[in-house]
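Taking it in order: structure first as structure tokens, then the write-up.
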Amino acid sequence: MSNLEAMSPDPSQSEDSASNSPAGRPVDPAAAAAPDPAAIASGAAANDTIFGRILRGEIPCDAVYADDLCLAFRDVNPQAPVHVLVIPREALVNLGDAGGQHCELLGHLLLVAAKVARQEGLEGWRTVINSGAEAGQTVFHLHVHVIGGRPLAWPPG
Ligand code: AMP
């Protein structure tokens, strides 16, 4: 059993996610351990990050959603009661690394972010994508933060 299989989300949530997947595809959290090799090859740098290791099942995560394009798991250092990261299986570094060919993938990540927020019981939430060290990016594999469960100030720090 892979780490991700061992840390699968609530089965009832998985069923719900499967039936309501934004892309209309079933959710298989265990598939996170077997990402598309072609997708990995397209982003060698990002693939070497800790998120690449999570996608390959080399280290565990607290997964809350998975499909064939992305994985969502709880942030190890949460900044709010709900703090989930949605990451593509394709190893993009950040939005600066994305091109027109990623339109569908980027839209999918945002729809999954909303799905996860609702799944977590949030009525309002913040999505954040840090792009580059100057913006606070510390893991160089594209990820969407989904943050909520407390009042959130604006502007952010
Ligand atoms: P960023 O600063 O936008 O690059 O966000 C990276 C996020 O990844 C931070 O909020 C970290 O707490 C989180 N993080 C780093 N390692 C892990 C991990 N192994 N599992 C879950 N979240 C992580």
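Throughout, read-outs are computed from the coordinates displayed, never taken from laboratory work. Source: prediction; values computed, not measured. In this analysis, Cβ positions are derived from the backbone assuming ideal geometry, glycine residues included, and neighbour counts consider all displayed protein chains.
The Cβ shell under 14 Å around Leu152 holds other residues with a net charge of +1, Lys and Arg each +1, Asp and Glu each -1. Sorted on the mean count of surrounding Cβ atoms within 10 Å across their residues, most packed first, peptides 141-153, 85-97 read 85-97, 141-153. The translational diffusion coefficient of region 37-157, from Stokes-Einstein at 37 °C and 0.692 mPa s with a Kirkwood hydrodynamic radius over alpha carbon pairs, comes to 225 µm²/s.
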